[in-house]
Amino acid sequence: MFAERREEALSVIHPGWDRYIEDIPSAPIIWLSIEVPMMVHEVVIVGTGPAGLMTAEQSAARGLNTLVLEKRKRVTDSLMGELVTDKALKMLRVKPTSEYVGNKFTAIVGESLDTGANIVVDRSLLGNSYLLDEDRCQELMRDRALSDGAEFRFESRVSSVIEENNAIRGVKYNKTQSARAGLTVGADGSFSRVSATAGFTHPKWLLSYGYRYKLANCKDVDPGTAYFYVGKDVGLGYLWLYPRSESEVNLGIGRVPSSVENWNKLMPMREVLNKYMREHEETSNAKIVGVNGGVVPCAGIIPRFSDAGVALCGNSAGQVSSIVGGGVTTCLHAGRMLATHAKRMADESDYSKKSVKEYEKEYRTSKLAYNITQTGKGMYAVARYSMFNDPISAAEIVLDELDARTLNELIQGTAGVSTYMNLFSNFLPMVMRIGMGYLKAIAVSGP
């Protein structure tokens, strides 16, 4: 009789749960009814950005009982990056010709809205560059996770983690509810509640605030070229125009506040987009069919993003390459890696600080992590420079005097000795003009 009731009880629990109690055949059924629901989930993930969705997809595919909590109503309500390379498509397991890719670019142009100075990076330097259909990609990862047994609960706003015996055991959400798991994953963005309540810190925390329109009814757009613009109205950041077709574009702006004073002097971001639409013929009669926004960290990977029973992933861990805007690939990479370690933790029944830290150690040794760290240092230096100097004038110098190949090498972190020698010999006036401004920032604010 007990065996039958035991099997009945197990049938409503994740199949993998029986390995935790198979060695206790004599346990009374009341033990099952009380203890088992406390740890039904092996992984609880907070957030449905690219990092959270990839962690969910890969965790569920590995047979882990996975719960995903999202404060918004739909998986597509959160903003996901769009401009990616072949690496992101490979991680997503989608083809360039599929419906998950909205466009392919053959050139990227960096241009000043004030003077027209520009740099053109063509395909010989660019490689393959794609515009994701981010809504479809988010739905794809969600559906893959669902098909492998993951559970999604939307309109579930997490307030804090649950801490017991010096370890995180899950989260509290919607004031009265809780979800417990062996591993809690904070993939809930730059203002992560998991991070804040689990005791992680974010020194040098710089944030880029973004705002984006999806436009239709545009005119004579070149669908093969993506544009990045700088200008006095934009501030410390850039405005982007990504064509989806000859009549559709994504127009957005990302801006980093170097100081409250400098921020308050700038035109509001929405007004900057409206001004661009009015002043450019291809968008002057365009219709806004979608509006979205988000916040992206710019200072690089945070000092620590793992602890007993908890790990951060994506924006909450600072896993974004700020200067090149490489958030999608780095977040997908982190999600895949974390899911692999979550499976190991579950198999070993070990969610200790040492065990969870194996994920962090592996991530930090990756090439992507190195690039994030380097660009984070660069962005921090630029922000500090901008407190006491005009970053737009420095950008104008770069657009006027630097060639596309050199700029691409500097941004990608592949510049060699010959590139730097060329800079100091042929572009010494440019380097000195920017460098003197940076020295001023150092003198006033400290190293």
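Data for the structure
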read-out	value
Extension reserve of the T97-H280 stretch, reckoned as 0.36 nm per residue once the Cα distance is removed	62.8 nm
Mean Cβ count within 10 Å, highest first, over the residues of peptides 59-72, 41-54, 256-269	41-54, 59-72, 256-269
Extension gain from A117 to R74, taking 0.36 nm per residue of separation minus the Cα-Cα distance	11.4 nm
Distant alpha-carbon pairs in segment 90-170 (separation over 16 angstrom), percent	72
Segment 197-238, dipole about Cα centre (Lys/Arg Cβ +1, Asp/Glu Cβ -1), debye to the nearest 20	160
Value of Rg/Rh across segment 317-378 [Cα atoms, Kirkwood radius]	1.05
Per-residue Cβ neighbour rank within 10 angstrom, fewest leading, R278, R93, R144, R255	R278, R93, R144, R255
Dipole of segment 81-176, positive direction: furthest Cα of L92, L113, N103, with charges on the beta-carbon	L92
Members of K214/K287; K104/K275; K354/K377; K71/K354; K73/K287; K73/K175 lying beyond 19 Å, as alpha-carbon distances in this model show	K104/K275; K354/K377; K71/K354; K73/K287
Label point distance in nm, D143-K287, each placed 7 Å from Cα along Cα→Cβ	2.6
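Laboratory data are not the source of any read-out in this text; all were calculated from the coordinates shown. Just so it is clear, the model here is predicted, and its values are computed rather than measured. Every residue, glycine as well, gets a Cβ built from its backbone with ideal geometry; the counts of neighbours run over all protein chains shown.
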